[in-house]
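The values are calculated or read from the model by the stated rules, or taken from the named source; none is laboratory data. Because the structure is predicted, anything quoted here is derived from the model rather than measured. We place every Cβ from the backbone using ideal geometry, glycine too, and count neighbours over all the protein chains shown. Calculation scope for accessible area: heavy atoms of the full protein, side chains included, ligands and nucleic acids excluded. Shrake-Rupley method; radii C 1.70, N 1.55, O 1.52, S 1.80 Å.
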2 protein chains.
Amino acid sequence: MLAFPKQVQIVEVGPRDGFQNIKTFIETKVKQQVIDGIIAAGVQAMEVTSFVHPKAIPQMVDAAQIAKAAAQAAGDTFRGLALIPNLTGAKKAYECGIREVTYVISASEQHNLANINRTREQSLEDLQKIVTQVPELAVRLDVATAFGCPLGGKVDDEMVVSLIESALQIGVQSVVLCDTIGVAHPKQVYERARTVKNRFSDVSFGLHLHDTRGMGLANTLAGLDAGITIFESSIGGLGGCPFAPGAAGNTATEDLVNMFHGMGISTGIDLERYLAVVQMVREKIQDVLTGHMAYARQYDDI
Amino acid sequence: MLAFPKQVQIVEVGPRDGFQNIKTFIETKVKQQVIDGIIAAGVQAMEVTSFVHPKAIPQMVDAAQIAKAAAQAAGDTFRGLALIPNLTGAKKAYECGIREVTYVISASEQHNLANINRTREQSLEDLQKIVTQVPELAVRLDVATAFGCPLGGKVDDEMVVSLIESALQIGVQSVVLCDTIGVAHPKQVYERARTVKNRFSDVSFGLHLHDTRGMGLANTLAGLDAGITIFESSIGGLGGCPFAPGAAGNTATEDLVNMFHGMGISTGIDLERYLAVVQMVREKIQDVLTGHMAYARQYDDI
């Protein structure tokens with residue numbers, strides 16, 4: 001029988017992973033309204049921006065401003081995170097007051113080359129520089145294509161385990177397995193999560209699952225069953241991976257929260273307040289969302 | 001740990017539950033092409049039409065023609081089913097050669113009144129007439145709103161169990177629990193499925209799960225874990241319940257099949273051939289589907 005915990009932690013990635021996939025520039029004050037709304041709804045951890053070069057992703061040109069606000073909002077009940085692609089990004093994030101960053105390396109060499117123009121080895125060398133030169137930053141490793149790669153195909157345990165092992169030796173604090181293109185199925189999620197948890201039993205693992213093939217929540221369930229309690233998701237389901245053909249749609253935070261609450265698993269999030277922010281996203285950023293709860297009636301008494 | 005079987009049976013309901021929700025009349029020959037395509041892809045059981053009054057659902061005016069073709073196609077590897085709302089429908093279905101029908105009663109009295117203008121008791125009386133007067137028909141009971149009702153709210157075990165008990169005494173052969181409005185969550189699906197299976201251990205149970213809140217596949221997983229191996233789904237995710245506000249989208253057969261095959265659970269269905277029929281549905285019936293696989297790239301080597 002399926003096992004699940006009393007409580008989980010949701011890491012909101014909409015303002016980073018979602019917004020970066022939107023071509024039209026979103027005004028900084030609109031971004032800030034969404035972020036503030038998400039925090040007010042009770043989300044306790046959020047990737048608010050990405051310190052990539054604005055030429056690569058112009059949407060993130062206001063990273064410093066957004067990061068500074070998140071650093072100010074940080075406290076006992078909220079952690080603001082930023083994605084950083086390299087040492088330059090890490091330094092900038094730190095200067096803005098960010099103390100926890102996400103660093104992405106793909107399990108698949110081909111995807112890492114396509115996504116960030118580095119071999120896995122080069123990415124690990126850059127990670128070493130970050131950890132050495134900005135030691136005050138806590139670094140989370142996002143293992144992209146942890147369940148399959150659109151370019152290289154199958155991704156096996158060894159590709160994932162070897163990457164995690166190297167990153168832990170260098171000094172990351174936690175790890176997130178990312179189903180970048182939404183190809184994972186529940187059996188695979190369960191087995192891979194068990195493999196890494198057994199192998200690195202003192203490390204905190206999260207899951208970042210896409211809903212491309214409708215399995216976002218089913219895979220979440222499999223992750224819960226494997227003992228994972230940290231899940232990354234995006235408001236409205238915004239996002240995907242711009243360099244992975246066919247990849248569309250993070251799992252929507254509101255869909256996750258609705259399922260968790262139904263099952264009696266607490267998230268600390270007020271779903272009604274969160275859904276009001278989803279409506280703001282529809283009005284101000286993108287009307288058509290891949291998440292479900294924006295369109296489903298509420299039946300509070302059921 | 002999650003348990004799952006080696007094999008499941010999918011009951012396709014698109015030509016009935018899907019088509020009946022489409023307002024524009026679909027030419028009979030197009031319906032037949034879709035049905036033939038679904039059979040050719042390996043689907044072994046399908047609700048092909050509904051013997052409702054054409055005034056209630058004009059889309060089903062060609063029920064007799066479709067049913068006769070399905071009766072001719074029936075054999076060792078295919079069963080053609082029809083939905084019947086009453087004795088008149090049962091007689092018509094039988095005359096067309098149909099030998100297995102679906103009869104719907106809602107667990108919720110309010111929904112039964114809104115959906116078919118009968119109390120549960122009246123529906124059971126009609127069932128008695130059907131079983132008595134057309135004894136050659138095998139009858140499946142679809143328990144609508146088995147997990148929650150948009151009108152009456154909470155649906156508890158007793159409402160479901162009492163309905164099943166009455167219907168079994170009258171003489172139905174099997175039972176399908178239907179999440180008519182997509183409010184069920186995995187814990188509820190698991191528990192309710194276990195309850196009815198334990199209570200009626202010699203009865204075959206299926207699940208009909210909607211994806212309204214994105215939980216279609218997660219609930220499927222919970223059903224598998226509870227020992228259910230019969231799942232109803234609809235091509236492209238077509239359908240819903242026209243009398244349940246906010247209800248949109250069956251779980252798409254192709255999404256289910258993709259997940260099952262990924263997990264090593266066989267369905268007898270050739271997914272590639274089935275997806276070709278999904279494309280035909282997009283071209284000839286409805287371009288925008290709620291199912292996911294129509295839009296997701298295939299990564300055969302993953």
| field | Per residue value of the accessible surface for chain B (all protein chains in place, 1.4 Å probe), Å² | value | 37
| Copy-to-copy spacing for A:GLN279, label 7 Å out on the Cα-to-C-beta vector, in nm, shortest first? | 4.1
| said: Only four residue types carry charge here, +1 at the Cβ of Lys and Arg and -1 at the Cβ of Asp and Glu. Report the dipole size of the stretch B:9-284 about the Cα centre in Debye, rounded to the nearest 20. | reply: 440
| request: For the stretch B:75-226, report the translational diffusion coefficient in µm²/s to the nearest whole number, using Stokes-Einstein at 4 °C, 1.567 mPa s, and a Kirkwood Rh over Cα pairs. | output: 83
| field | Per-residue mean of C-beta atoms belonging to partner chains within 10 Å, peptide B:184-191 | value | 5
| request: Would you mind giving the mean number of other chain beta-carbons within 10 Å of the Cβ of each residue in B:216-227, as a whole number? | output: 5
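Enter the mean number of other protein chain beta carbons within 10 Å of the beta carbon of each residue in B:260-267, as an integer.
Mean shielding count: 3.
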| Which of rounded, prolate, oblate describes the stretch B:1-132, given a ≥ b ≥ c as roots of the alpha-carbon gyration tensor eigenvalues and a/c under 1.5 marking rounded, otherwise prolate only if a/b is larger than b/c? | oblate
| query | Can you give the FRET efficiency for A:THR119 and B:ASP287, using 1/(1 + (r/R0)^6), R0 = 45 Å, r = Cβ-Cβ distance, to the nearest 0.05? | reply | 0.60
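What is the dipole size for the protein assembly as shown, taken about its Cα centre, with +1 at each Lys and Arg Cβ and -1 at each Asp and Glu Cβ, in debye to the nearest 20?
Computed about the Cα centre, the dipole is about 520 debye.
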| Dmax and Rg, reported as Rg then Dmax, of the stretch B:1-67 (C-alpha, Å) | 14.4, 50
| task | Give me the aspartates and glutamates in straight-line cross-link reach of B:LYS91: C-alpha distance below 18 Å, same-chain residues under 8 apart excluded. | result | B:GLU47, B:ASP62, B:GLU100, B:GLU125, B:ASP126, B:GLU136
| message | Using Cα-Cα distances under 8 Å and only pairs 6 or more residues apart, what relative contact order does the stretch B:93-184 have, in percent? | response | 34
| request: Starting from the Cα of B:GLN72, move 7 Å in the Cα-to-Cβ direction to define the label point; list residues of the stretch B:21-41 whose amide nitrogen is under 14 Å from there. | output: B:29, B:32-33, B:36
| In the structure displayed, which of A:LYS187/B:LYS284; B:LYS154/B:LYS197; A:LYS31/A:LYS92; A:LYS68/A:LYS154 lie more than 31 Å apart, Cα to Cα? | A:LYS187/B:LYS284; A:LYS68/A:LYS154
| request: Enumerate by residue number the chymotrypsin sites (Phe, Trp or Tyr not before Pro) in the stretch B:126-200 meeting two conditions: DSSP loop (anything except H, G, I, E, B), and at most 15 other Cβ atoms within 10 Å of the site's Cβ. | output: B:PHE200
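Please go through the stretch B:44-91 and write out the trypsin sites (Lys or Arg not before Pro) that DSSP classes as loop and that have at most 12 other C-beta atoms within 10 Å.
The qualifying sites are B:LYS55.
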| Rg over Rh [alpha-carbon atoms, Kirkwood Rh] for the stretch A:9-284 | 0.93
| request: Would you mind giving the average projected area, over all directions, of the Cα convex hull of the protein assembly as shown in nm² with one decimal? | output: 25.0
| note | Length-normalised contact order of chain A, Cα under 8 Å, at least 6 apart, in percent, tallies to 21
| task | Could you tell me which of rounded, prolate or oblate describes the stretch A:129-204, using a ≥ b ≥ c as the square roots of the eigenvalues of the alpha-carbon gyration tensor, with rounded for a/c under 1.5 and, failing that, prolate when a/b is larger than b/c and oblate otherwise? | result | prolate
| said: Rounded to the nearest angstrom and ordered from largest down, what semi-axes does the equivalent ellipsoid of the stretch A:182-292 get from its C-alpha gyration tensor (root of 5λ)? | reply: 25, 18, 11
| query | Taking chain A as a Gaussian network, where each spring joins two C-alpha atoms under 10 Å apart, which residue of A:ASN219, A:ASN117, A:ASN258 fluctuates the most? | reply | A:ASN117
| Efficiency by 1/(1 + (r/R0)^6): what FRET value for B:LYS29 and A:SER162, r their Cβ-Cβ distance, R0 = 56 Å, to the nearest 0.05? | 0.50
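Restricting attention to the stretch A:68-148, which GluC sites (Glu not before Pro) occupy a DSSP loop and are surrounded by at most 11 other Cβ atoms within 10 Å?
Passing sites in the stretch A:68-148 are A:GLU136.
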